[in-house]
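Read through the structure below, which is laid out as structure tokens, and then see the notes.
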Amino acid sequence: MKVLTTMAIKEVYLDRLEDAYPGIHWRICRTTGEALEYLPRADVLVTYGEGLTPQLLKRAEKLRWIHSMSAGLENIPFQALIEREIQLTNVRGIHRIQVAEHTLGVMLSFVRQLPFFTRMQELSRWEYHVKFDELFEQTVTIVGLGALGQEIAARCRAFGMRVTGVNTDGRDVEGVHKVYPTDQLRRALSEADFVVVTVPLVEKTENLIGEAELDAMKKSAIFINVARGKVVDQKVLIQFLEEGRIAGAALDVFEKEPLSENNPLWKMHNVLITPHVAGRSPRYMERAMEVFETNLKAFIEEKPLPLNVIDLERGY
């Protein structure tokens, strides 16, 4: 069996894989272009998804399984996988700890005015008369209650917050006080002091948060996006922030990345910008490899893959 990667794998992980699975031939490439000549012989492809096109997959005549080392799957040509009956898995869930910590970090930054004090420190100014707030007993609405949303919910509960959420059908989720179905999204948003978006980017979630949704939010609410930029109508979001129709935003993702230097978001004092780093962690690859190895063992034994199998029709 041949496993091909379009991404570098550290020697410590590769050595372990070669020792554990001596019957596998590993071909480690650093880019999709570098992997092209090996695709026709690959049974398994490990990739971040960049450059993966239907035309490219035509070369992969033996391919039976693609494992994405990213949770986001917007670069995957789903129709080509359906036609070829190629299985797809990803690493969803491995980001939950660091993204939850990031989310609580930006929430605390807003209520404790940390961006303001950072600016005052740069100016050597002692500004004491500042309006503070608390997370305690405030309401957070989490749009998307998968592994990531549930981890954020647990951290918010630890701060004494009321947690509401939105999923497709309104089914109960442990630890969430109230769950709304997607068709009641605006009602859920209207209750929130903080809105956190964690949904995957698929066709039905593109521009999920638009003018009507932002208009449903309180003027005092903070909007946090740790999902994908295209889940939100960024032009409308900028307008709401400029006009003070919501209080602020913490944005880790954007419609186009990197965010252009002339984008007005950079200059807004009510906006916290991070460059798509909420999921970064020194333990990222360790956790990603655990998911891959669990599925690899099942694949070798011709058993159903146990973790993160993607429904190709739904896209997640």
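Structure values in brief
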read-out: Test result for LEU57, modelled with pLDDT under 95, crowded, with 19+ Cβ neighbours inside 10 Å and of a type outside the set (Lys, Arg); value: yes
read-out: Verdict on GLU137 being over 20 Å from LEU208 (Cα atoms), surrounded by fewer than 12 Cβ atoms within 10 Å (Cβ to Cβ) and charged (D, E, K, R); value: yes
read-out: Criterion (within 16 Å of the chain's Cα centre (by Cα), β-branched (Val, Ile, Thr) and farther than 19 Å from MET107 by Cβ) met by exactly one of ILE238, ILE310, ILE273, ILE300; value: ILE310
read-out: Selection from the stretch 87-115 of residues that are of a type in the set (A, V, I, L, M, F, W, C), under 24 Å from ASP311 (Cα atoms) and either in contact with a strand residue (DSSP E or B) (Cβ under 6 Å, 6 or more places away or on another chain) or free of Cβ contacts under 8 Å to residues at least 12 places away in the same chain (or both); value: LEU88
read-out: Enumeration of residues in the stretch 132-161 that are of a type in the set (D, E, K, R) and more than 16 Å from ILE224 (Cβ to Cβ); value: GLU134, GLU137, ARG157
read-out: Residue that is closer than 30 Å to ARG155 by Cβ and among the basic types (Lys, Arg), where the choices are ARG96, ARG41; value: ARG96
read-out: Residues located in the stretch 95-149, provided they are in a loop (DSSP other than H, G, I, E, B) and among the small types (Gly, Ala, Ser); value: SER124, GLY144, GLY146
read-out: Top-ranked residue of the stretch 253-276 - restricted to ones that are closer than 24 Å to LEU148 by Cα and in contact (Cβ under 8 Å) with a residue 40 or more places away in the chain, ranked as surrounded by the most Cβ atoms within 10 Å (Cβ to Cβ); value: LEU272
read-out: Unique match (being assigned to a loop (DSSP other than H, G, I, E, B), buried (at least 21 other Cβ atoms within 10 Å of the Cβ), among the small types (Gly, Ala, Ser) and in the same structural domain as THR168 (by TED's automatic domain parsing)) among ALA227, ALA250; value: ALA227
read-out: So THR32, is it modelled with pLDDT under 95, among the hydroxyl-bearing types (Ser, Thr, Tyr), in contact with a helix residue (DSSP H, G or I) (Cβ under 9 Å, 6 or more places away or on another chain) and surrounded by fewer than 16 Cβ atoms within 10 Å (Cβ to Cβ); value: no
read-out: Subset of the stretch 165-209 that is farther than 23 Å from HIS95 by Cβ and hydroxyl-bearing (Ser, Thr, Tyr) - its residue that is surrounded by the fewest Cβ atoms within 10 Å (Cβ to Cβ); value: SER190
read-out: Hits in the stretch 210-224 (condition: outside any helix (DSSP H, G or I) and surrounded by 22 or more Cβ atoms within 10 Å (Cβ to Cβ)); value: MET217, ALA221, ILE222, PHE223, ILE224
read-out: Residue check for VAL166: closer than 28 Å to ARG314 by Cα, outside any helix (DSSP H, G or I) and modelled with pLDDT of 95 or more; value: yes
read-out: Among (1) closer than 30 Å to TYR13 by Cβ; (2) surrounded by fewer than 14 Cβ atoms within 10 Å (Cβ to Cβ); (3) touching a helix residue (DSSP H, G or I) at 6+ places or on another chain (Cβ under 7 Å); (4) in contact (Cβ under 8 Å) with a residue 24 or more places away in the chain, the one test that PRO304 misses; value: (4)
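The values are calculated or read from the model by the stated rules, or taken from the named source; none is laboratory data. This is a predicted model, so every value here is computed, not measured. No Cβ is skipped: glycine too gets one built from the backbone with ideal geometry, and neighbour counts run over all protein chains shown.
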